[in-house]
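I have placed the structure first, in the form of structure tokens, so that the comments after it can refer back to it.
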Amino acid sequence: MPASQSAPYDSAAPADAERLQWALRSVDALPRRRDQLLPALLVAQHALGWLPRAAIEHAAAHIRVPVSEVYATATGYSELLLERPTPGTWHVCTGVSCDLAGGRALLDAVSEALPGHALEIDCQFLCALAPVAVDDAERLHGRVTPSRILDAATERAST
Amino acid sequence: MIGPTPTQALRRLHDALGAPPGEVEVHVLRHRGTCGDAVDAAAITLDVGAPVADAACDGACWAAPAATVVRPGHRHRFARLDRGVPDELAACVRGECDEPQAGSGEAGLTVRLGRNDGSLTDVLTRGGYGAYAVAAMLQPARILEVLRGVGLTGRGGAHFPVATKWGLLAAHEHPEKVLVVNAEEGEPGVFKDRHLLEGDPHRLVEGMLIACRATGIHEAYVYINGQARNGRDAFERALADAAAAGILDGTAFGGDPVTIEVRSGAGGYVCGEESVILNSIEGERPVPRFKPPFATDSGLWGRPTLINNAETLCAVTTIFDSPPPPTKLLPLSGDVPRPGLYEVPVDGNMTWASVLAMAGVAPARVQALLLGGPSGRFVLPEEFDTPLEMRTLGAGGTVVLGPRADIAAITRSLAAYNARESCGECTPCREGTQRLVQLLADPATNRDRIDALIEVMTEASLCALGGMAGRHVTSALAAFPDAFEVTDPTEASR
């Protein structure tokens with residue numbers, strides 16, 4: 001199925017349409033082989049920040065596998081996002097080391113200060129710098145305090 | 001002898017790259033990497049009268065943001081520069097300092113971590129590719145003999161003898177057998193391969209080339225955890241540098257050409273299981289395969305496949321040392337003043353008490369260690385003075401639990417993690433991990449059912465995620481029977 005037949009990513013937003021085309025072109029640049037399925041999903045997500053249905057369908061068409069199999073594969077990976085993430089969201093690690101360092105208290109504090117913008121996340125493998133949080137650009141932050149997150153959120157709001 | 005000796009080959013490569021002879025000049029290494037960047041190391045200004053170069057984390061993650069002053073024969077790490085750059089750092093640059101050398105030892109896998117700028121030139125100056133230069137001259141059977149003599153075992157957790165696995169691949173005459181490196185490292189609490197990839201990626205390239213030489217493999221894939229972006233970038237740079245220098249195609253040292261391709265994972269604890277990696281690379285659902293056949297006979301695309309952990313292949317680069325350091329990397333975190341990556345000798349003398357001392361905590365201040373995360377067990381103080389054994393260390397992830405750590409909450413949270421991460425391919429794990437979470441609401445009442453369930457999961461799960469998902473529960477209930485209170489009676493009575 002050519003890209004033009006895919007559902008529009010978000011017809012109300014021209015910038016989204018442009019990014020979608022970039023994502024689809026990135027997928028097209030890969031060899032049309034089954035072993036390129038995960039690379040295709042990763043390049044599409046890299047371009048868009050998540051995997052809308054249009055990207056999934058395009059990857060399926062390019063790799064020549066059924067859309068259902070692409071979904072079956074995509075849902076097997078915790079880092080592939082099938083829903084659009086909310087901008088400004090912080091993910092706070094509640095793995096064992098982060099929890100010992102106050103990760104859960106950090107999550108509560110951020111949830112209270114930024115309602116709807118704080119989510120729990122599993123180990124981020126930066127345990128020696130606990131507690132750890134991840135911003136919406138996927139940057140890792142170590143030895144995080146609530147005030148550091150709130151300062152960053154305020155700075156973001158002012159720019 | 002045909003061809004250059006290892007020394008000649010290394011010297012020729014050195015000369016071609018323009019490696020600086022003699023001693024290094026005074027300079028400062030600012031430790032960046034994932035650890036440094038997570039605490040804004042890039043923002044630290046080091047205007048101290050010496051050139052500053054960026055380097056990776058040296059394993060002392062606790063020290064971040066940190067910098068190391070390097071003078072000929074002298075290194076001194078300055079920690080926690082977010083609290084201010086001390087005057088002593090500039091004094092050290094001027095030579096007015098006689099602190100002992102900081103950082104890891106002079107042998108082992110971490111010896112180059114955070115000590116160089118990552119360039120091939122610098123790596124060669126510090127012994128890089130010395131082992132491959134030797135291996136490239138040896139017959140494959142001779143490499144296996146050396147490996148067998150050393151007794152190296154897999155460092156990913158299963159502790160399988162490396163020489164045995166390599167021998168199985170060497171015996172196959174399949175023209176397209178393949179090497180797959182497991183650098184997925186998705187076990188919570190483990191961060192060793194990331195440090196190796198970021199701080200010394202050439203060591204992994206070198207270990208892979210030795211493996212390929214010994215087994216007659218010409219094609220390799222490196223499966224790197226999707227979140228380890230810095231590690232992947234560093235490894236790809238190293239690969240490009242090694243290719244440009246003729247190390248991969250046999251020009252520099254001899255040996256057959258090897259192609260190496262990097263693949264990214266995309267999350268999921270189960271993706272560290274070797275057969276899941278094969279499915280993932282092939283573009284299939286990330287679920288385990290039935291064994292047998294084993295990957296050594298029928299792995300990636302049905303070809304004979306050698307799968308080794310990244311740390312194992314890095315350890316291979318030490319097999320020609322005399323003696324090779326019998327070390328294990330322990331990523332250590334939790335209630336401890338100096339969390340980080342420790343390379344400890346597992347030589348019959350090392351104990352948990354000595355590891356804890358290195359990390360700055362008195363054993364009396366420790367309730368238990370969680371060794372191996374969600375597939376692990378609790379190590380109690382009475383074991384702290386027993387010498388460490390390689391086979392008991394798993395992948396090495398260690399969380400120190402202080403007196404206030406809530407063992408029951410940790411046990412329940414690990415059980416919930418396993419339930420979330422189960423891929424659903426087999427019933428014992430898919431259903432068992434969920435049921436275990438419910439039964440843990442009231443372990444005292446449900447004890448018999450918990451034990452029976454864990455037995456079924458251990459025996460009948462398709463892979464180790466299910467097979468070991470009850471291990472920490474059994475360990476916690478045995479060691480801390482009084483720690484558990486009923487959390488939700490409706491759950492407990494179901």
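Laid out as a table, the results:
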quantity	calculated
At q = 0.14, 0.23 Å⁻¹, base-10 log of I(q)/I(0) for the stretch B:24-103 (Debye sum, equal scatterers on each alpha carbon)	-0.38, -1.05
For chain A, size of Cβ-based charge dipole, Lys and Arg +1, Asp and Glu -1, in debye	480 debye
Part-to-part distance (alpha-carbon centres) for the stretch A:9-87 and the stretch B:273-346, which is given in Å	30 Å
Three-way shape label, the stretch B:390-494, alpha-carbon gyration tensor, a/c 1.5	oblate
Relative contact order %, chain B, counting alpha carbon pairs below 8 Å whose residues are six or more apart	13 percent
Tail beyond 18 Å, pair distance distribution of the stretch A:92-141 (Cα, percent)	20 percent
Most positive-pole-ward Cα, B:Ala310, B:Met457, A:Val132, against dipole of the protein assembly as shown from beta carbon charges	B:Ala310
Dipole magnitude (debye, nearest 20) for the stretch B:130-316, charges at Cβ of Lys, Arg, Asp, Glu	320 debye
Built amide H within the under 5 Å cut-off of B:Gly334, gap 5+	B:Val400
Amide hydrogen neighbours beyond the local backbone of B:Glu219, cut-off 5 Å, H modeled	B:Leu179, B:Thr259
Estimated vicinal HN-Hα couplings, Hz - the stretch B:343-357 in sequence order (Karplus 6.51, -1.76, 1.60; Gly, Pro = x)	9, 10, x, 9, 10, x, 10, 6, 10, 4, 4, 6, 5, 5, 4
Shape call, the protein assembly as shown: gyration tensor on alpha carbons, a/c limit 1.5	rounded
Relative contact order %, the stretch B:124-212, counting alpha carbon pairs below 8 Å whose residues are six or more apart	35 percent
For the stretch A:24-159: relative contact order, % (alpha-carbon pairs under 8 angstrom, 6 or more apart)	18 percent
Shape call, the stretch B:333-379: gyration tensor on alpha carbons, a/c limit 1.5	rounded
Neighbour-limited loop hits for trypsin sites (Lys or Arg not before Pro), the stretch A:90-159 (at most 12 other Cβ within 10 Å; DSSP other than H, G, I, E, B)	A:Arg139
DSSP loop GluC sites (Glu not before Pro) with at most 14 other Cβ within 10 Å excluded, longest remaining stretch of chain B	B:177-388
In sequence order, calculated HN-Hα J values of the stretch B:446-460 (Karplus, 6.51, -1.76, 1.60; Hz; x Gly/Pro)	9, 3, 4, 5, 4, 4, 5, 4, 5, 4, 5, 4, 5, 7, 10
Distant-in-sequence amide H partners of A:Ile121 (H built 1.01 Å from N, under 5 Å)	A:Val92, A:Cys93, A:Thr94
Value at 222 nm in deg cm²/dmol, rounded to 500, when DSSP H runs of n ≥ 4 in chain B each add -39,500 (n - 2.57)	-10500 deg cm²/dmol
Estimated vicinal HN-Hα couplings, Hz - the stretch B:156-164 in sequence order (Karplus 6.51, -1.76, 1.60; Gly, Pro = x)	x, x, 7, 6, 6, x, 5, 4, 5
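None of the figures in this text is laboratory data; all of them are computed from the coordinates on show. Computed from a predicted model, the values in this text were never measured in an experiment. Glycine gets a Cβ as well: all are built from the backbone with ideal geometry, and neighbour counts include every protein chain shown.
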